[in-house]
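K.L.:
Here's a structure for you.
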Amino acid sequence: MDDTKKNPDILENLFRQMPEEELPASFRLNVMQQIARETIKVRKRNERLGLAAVIAASLGMLGMAVAAILYYIGMPETTMTPMAWPKIDISAFSFYFYIGILTLILLFLDYKFRKAYRKDE
């Protein structure tokens, strides 16, 4: 049987009978320290998860790059024959160098803009 249905004020009466006690002076400090510790735990966990995600993504990209290289070069028919390396066109290096420099400049500008934007916040 549930006695609370018969007498709904039973808990209220019990709480009234309890003596009132003062909280310790350091209660607020202890609670804030515990909150700070929990915040640090969450931040560390998020950093570890982010690092694991970056490592997984990097390994995935590396695996795809190796698979693409092997696909375009062509796997040898037997393990004893060496792989045929592709011919590299030297004249294309200037174009790739230009694209690389442009990418680095854009990344640097992005870094500076983000740094300036976060500074204003």
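The values are calculated or read from the model by the stated rules, or taken from the named source; none is laboratory data. The structure displayed is predicted, hence computed values, not measured ones. Here Cβ is always computed from backbone atoms with ideal geometry, including for glycine, and neighbour counts include all displayed protein chains. Side chains included, ligands, DNA and RNA excluded: accessible areas come from the protein's heavy atoms. Shrake-Rupley method; radii C 1.70, N 1.55, O 1.52, S 1.80 Å.
Residue-by-condition table, conditions (1) open to solvent by 90 Å² or more (accessible area, probe 1.4 Å); (2) modelled with pLDDT of 85 or more; (3) outside any helix (DSSP H, G or I):
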| residue | (1), (2), (3) |
| --- | --- |
| LEU11 | yes, no, no |
| GLU22 | yes, no, yes |
| ASN30 | no, yes, no |
| ARG37 | yes, yes, no |
| LYS44 | yes, yes, no |
| GLU47 | yes, yes, no |
| GLY50 | no, yes, no |
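K.L.:
So, one more: Considering TYR72, TYR111, TYR117, which residue is modelled with pLDDT under 95, in contact with a Pro (Cβ under 9 Å, 6 or more places away or on another chain), open to solvent by 100 Å² or more (accessible area, probe 1.4 Å) and not acidic (Asp, Glu)?
P.N.:
Being modelled with pLDDT under 95, in contact with a Pro (Cβ under 9 Å, 6 or more places away or on another chain), open to solvent by 100 Å² or more (accessible area, probe 1.4 Å) and not acidic (Asp, Glu) holds for just one of TYR72, TYR111, TYR117, which is TYR72.
K.L.:
Take the residues in segment 75-96 that are exposed (fewer than 10 other Cβ atoms within 10 Å of the Cβ) and among the aliphatic types (A, V, I, L, M), then tell me which one is modelled with the lowest pLDDT.
P.N.:
Per the criteria, the residue is MET80.
K.L.:
In segment 97-108, which residues are open to solvent by 80 Å² or more (accessible area, probe 1.4 Å) and of a type in the set (A, V, I, L, M)?
P.N.:
Answer for segment 97-108, where residues must be open to solvent by 80 Å² or more (accessible area, probe 1.4 Å) and of a type in the set (A, V, I, L, M): LEU104, ILE105, LEU106, LEU107.
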